[in-house]
1. Just the accessible area per residue of the chain, please: how many Å² with a 1.4 Å probe?
2. In nanometres, what is the gap between the two model label sites at GLU2 and THR24, each 7 Å from Cα along Cα-to-Cβ?
3. May I ask for the angle, rounded to the nearest 10°, between helix 123-136 and the longest principal axis of the chain, with both axes built from Cα atoms and the value confined to 0 to 90°?
4. Relative to the longest principal axis of the C-alpha atoms of the chain, give the angle of the C-alpha long axis of helix 57-76, reported between 0 and 90° and rounded to the nearest 10°.
5. At a threshold of 8 angstrom on Cα-Cα distance, excluding pairs fewer than six apart, so keeping six or more, what relative contact order does segment 1-46 reach in percent?
6. If you average the sequence gap of Cα pairs under 8 Å that are 6 or more apart and divide by the length of segment 25-137, what percent do you get for the contact order?
7. What does the highest-first list of 39-52, 84-97 look like by mean Cβ count within 10 Å?
8. Restricting to DSSP H runs of at least four residues, report the calculated mean residue ellipticity at 222 nm for the chain, -39500 (n - 2.57) per run over all residues, nearest 500 deg cm²/dmol.
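The values are calculated or read from the model by the stated rules, or taken from the named source; none is laboratory data. A quick note: this is a predicted structure, and the numbers were derived from the prediction, not measured. So basically every Cβ, Gly included, is an ideal-geometry build from the backbone, and we count neighbours across all protein chains shown. Heavy atoms of the whole protein, side chains included, go into the accessibility calculation; ligands, DNA and RNA do not. Shrake-Rupley method; radii C 1.70, N 1.55, O 1.52, S 1.80 Å.
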Amino acid sequence: MEDCIFCKIIAGEIPSARVHEDETAIVFLDINQASKGHLLIVPRQHTADFHELEGDAAAHMGRLALEWAGVAMRAVESEGYNLLLNNRKVAGQEVMHAHLHIIPRWTGDGYRMTPIPTRIADGAELQETAALIRGQR
Ligand code: AMP
């Protein structure tokens, strides 16, 4: 897609530090390293929303995460990692082409990726919300 930075990287019009590419997706280092080895898994298919990806693209991102999270962890000798997917601006998405971050983590690295609870919901409310979501499927 025109004006999409990730489409330009996929097309080779903008350089990237690639670690993997196949017919469905590419994996390269994020230019702003949240930590050493911070990778992006980017499907070739252009869609802003992850949940709008068609065919095998999303499943393939999962397979690549399975493989490259472990590889990255070994390569930079991290103690763990976070998988992060920002979807839409409200959730922090800056590049409107679906992608998944792999962020290696170390003790005391100061990076916070844990969801912050806003309140504790009671059981009845949780059941009601679960029913709401099931009903939307
Ligand atoms: P998000 O906030 O989830 O949309 O993340 C987009 C990510 O793309 C950011 O972490 C950026 O640092 C990264 N990014 C933007 N431009 C480039 C680029 N040319 N090469 C590599 N990563 C990029």
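1. Working: 9130 Å² over 137 residues.
Dividing the accessible area of the chain by its residue count gives 67 Å².
2. About 3.1 nm separates the two model spin labels.
3. 60 degrees
4. 70 degrees
5. Values: 54 pairs, mean separation 14.4, N = 46.
About 31 percent, as a whole number.
6. Working: 137 pairs, mean separation 31.4, N = 113.
In percent, rounded to a whole number, it is 28.
7. Those peptides, ordered most packed to least, come out 39-52, 84-97.
8. Details: 3 runs with 40 residues, N = 137.
After summing the helix terms and dividing by the residues of the chain, the value is -9500 deg cm²/dmol.
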